[in-house]
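All remarks here apply to the structure that follows.
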Amino acid sequence: MPRLTSRVFTDLALWMVGFGVLIGLVFPPFCLLLGLPEARVMTPAFFASTLVAGLAVGGVNFGLSRLVVGRRLRLLADRMGTVEQQLTDAVFSHDWTSCDPERCALPVDSADEVGASAGAFNRLIATLARSHMVETAMRDFSAVLSSEFELEGLSNAALDGLLRHTGAAAGAILVAREDTMEPLASHGLRGTESLAGNDHVRRVLRLGRTEHLRVETPEISIDSLLVGQAAREILVAPITFKSVPLGLIVLATSGHFERDSIRLLEQLRADLALAVNNALAHDRLERLAAVDPLTDAYNRRFGLARLREEFSRAVRAENPLGVLMLDIDRFKTVNDTYGHVVGDRVLRAVAAACRRVLREGDVLIRYGGEEFLVLLPGAGPADVRHIGDRVRRAVAETSVEDGELRVGVTVSLGGATYRESTDSTDALVALADGALYEAKEGGRNRLVFA
């Protein structure tokens with residue numbers, strides 16, 4: 001139908017009035033067909049009455065249309081204006097609470113174009129709400145990632161965010177470190193150490209794409225072989241940076257993952273990949289700065305810093321702290337006889353022998369030259385003697401091959417523990433160093449406790 005003016009309801013009024021006039025003009029001849037007398041029908045008064053009636057019907061129809069349709073369109077326009085203002089304010093205030101689907105939705109109470117318009121408006125509001133949710137989740141997740149530089153702290157913070165934003169009940173993050181896939185963060189899962197060897201995990205790492213494992217039958221759940229507990233759905237997503245696999249995300253739920261949650265995971269894991277790559281680089285740089293490259297023990301600067309930390313902790317908590325100072329016997333003779341290449345191999349072998357017998361949490365430090373310092377948190381005098389003797393025997397059983405020759409070495413050790421009279425780390429190291437000197441003077445390959 002052609003437009004007559006720039007206003008839809010004005011067009012509607014003109015067309016209805018015109019239709020009423022047409023009906024008023026056509027009605028008298030139509031009455032003749034019905035058999036009414038011409039003398040009564042074809043008169044100016046009858047024509048005038050039918051025209052007035054046509055105009056009245058057109059006006060009433062226009063009023064009803066304006067009342068029924070116009071009111072609904074006005075409500076739609078008002079809601080759209082309200083949403084526009086709220087969106088404009090929320091862009092700067094970040095407060096979206098006044099524009100949620102419950103507050104802004106229109107009633108859909110008709111199965112026609114008006115109802116379809118209201119439904120489309122409600123879907124638009126819901127989409128805007130989801131868009132805001134995704135934007136907020138990504139912003140919060142990025143803020144969490146940017147606040148953590150250590151790999152373990154980053155993994156725990158990232159897992160908390162993933163569980164919150166995807167609705168998962170349990171999950172884990174595994175990161176590739178030293179040629180192994182190490183679980184650095186876990187919540188609600190058992191046996192995460194075995195995840196790296198799982199067939200699904202290896203497949204995801206090989207293909208580099210997310211797998212969505214689900215069981216549609218209500219009475220069946222995914223076995224504990226993967227997550228250590230019953231689950232209806234599991235998401236296994238790789239963490240890749242420039243096509244290099246850095247780790248893995250495992251999320252599980254006893255319900256179902258929403259489509260938006262899965263799509264959000266794809267967005268979040270891209271941010272996580274960049275953060276993990278940076279954390280791994282930071283970890284490598286810290287390790288390079290802290291580790292002696294020849295023996296893989298901590299260097300003196302970093303080791304003494306650790307000693308100060310452990311000493312302060314022992315003083316505050318009134319816990320024992322032991323140290324061992326050890327020196328390779330006749331190391332100069334080894335260098336002079338076999339050369340510095342063999343001497344370097346001896347240093348590495350001694351460090352490896354020490355690590356084999358030290359406890360988890362003990363710290364091996366290359367103190368200088370052929371001297372090593374071992375920090376023994378929580379170790380009393382008996383512990384220091386026991387660990388020192390194990391180190392001495394482990395080194396004595398170690399040898400380095402040089403052609404057909406086998407080069408064996410021994411170490412002398414001095415041990416000491418923190419006591420009330422020891423008021424500094426320097427004093428503690430001096431005690432161990434003095435005991436080491438006594439071991440050397442007493443015949444070597446022995447342990448003396450200060």
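The values are calculated or read from the model by the stated rules, or taken from the named source; none is laboratory data. Everything numeric in this text was worked out from a predicted model, so none of it was measured. Positions of Cβ are generated from backbone atoms using ideal geometry, with glycine treated the same way; all protein chains shown enter the neighbour counts.
A few notes on this one:
- Summed over the range 256-286, the residues that are in a loop (DSSP other than H, G, I, E, B) and either of a type in the set (S, T, N, Q) or exposed (fewer than 14 other Cβ atoms within 10 Å of the Cβ) (or both) give a count of 2.
- For the residues Glu420, Glu404, the requirement of being under 19 Å from Thr337 (Cβ atoms) and at pLDDT below 90 singles out Glu404.
Listed here are the residues, each with its yes/no results for (1) farther than 24 Å from Thr417 by Cβ; (2) of a type outside the set (Gly, Ala, Ser); (3) in contact with a helix residue (DSSP H, G or I) (Cβ under 8 Å, 6 or more places away or on another chain).
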| residue | (1), (2), (3) |
| --- | --- |
| Arg308 | no, yes, yes |
| Ser312 | no, no, no |
| Val315 | no, yes, no |
| Gly322 | no, no, yes |
| Arg330 | yes, yes, no |
| Tyr338 | yes, yes, no |
| Ala352 | yes, no, no |
| Val357 | no, yes, yes |
| Leu364 | no, yes, yes |
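- Any hit, the range 287-297, residues being surrounded by 15 or more Cβ atoms within 10 Å (Cβ to Cβ), of a type outside the set (Asp, Glu) and in contact (Cβ under 8 Å) with a residue 40 or more places away in the chain: yes
- Residue among Val448, Val400 that is farther than 22 Å from Ala349 by Cβ and free of Cβ contacts under 8 Å to residues at least 60 places away in the same chain: Val448
- Condition broken by Val41, with the remaining ones in (1) touching a helix residue (DSSP H, G or I) at 6+ places or on another chain (Cβ under 6 Å); (2) among the aliphatic types (A, V, I, L, M); (3) modelled with pLDDT of 75 or more satisfied: (3)
- Just one of the numbered conditions (1) surrounded by 14 or more Cβ atoms within 10 Å (Cβ to Cβ); (2) in contact with a helix residue (DSSP H, G or I) (Cβ under 9 Å, 6 or more places away or on another chain); (3) at pLDDT 75 or above is not true of Glu233: (2).
- Residue in the range 171-192 that is polar (S, T, N, Q), at pLDDT 85 or above and within 18 Å of Arg284 (Cβ to Cβ) present: no
- Hits in the range 275-302 - residues which are within 14 Å of Ala176 (Cα to Cα) and among the hydrophobic types (A, V, I, L, M, F, W, C): Ala275, Val276, Ala279, Leu280, Ala281
- When the range 391-401 is limited to residues that are surrounded by fewer than 16 Cβ atoms within 10 Å (Cβ to Cβ) and at pLDDT 90 or above, the one that is nearest to Ser312 (Cα to Cα) turns out to be Arg393.
- The condition (being at pLDDT below 75 and either within 30 Å of Glu135 (Cβ to Cβ) or of a type in the set (A, V, I, L, M, F, W, C) (or both)) is satisfied by just one residue among Val57, Val21, Val68: Val68.
- Pairs with Cβ under 8 Å, 6+ apart, first in the range 264-285 and at pLDDT 85 or above, second among the charged types (D, E, K, R): Ala275/Glu148
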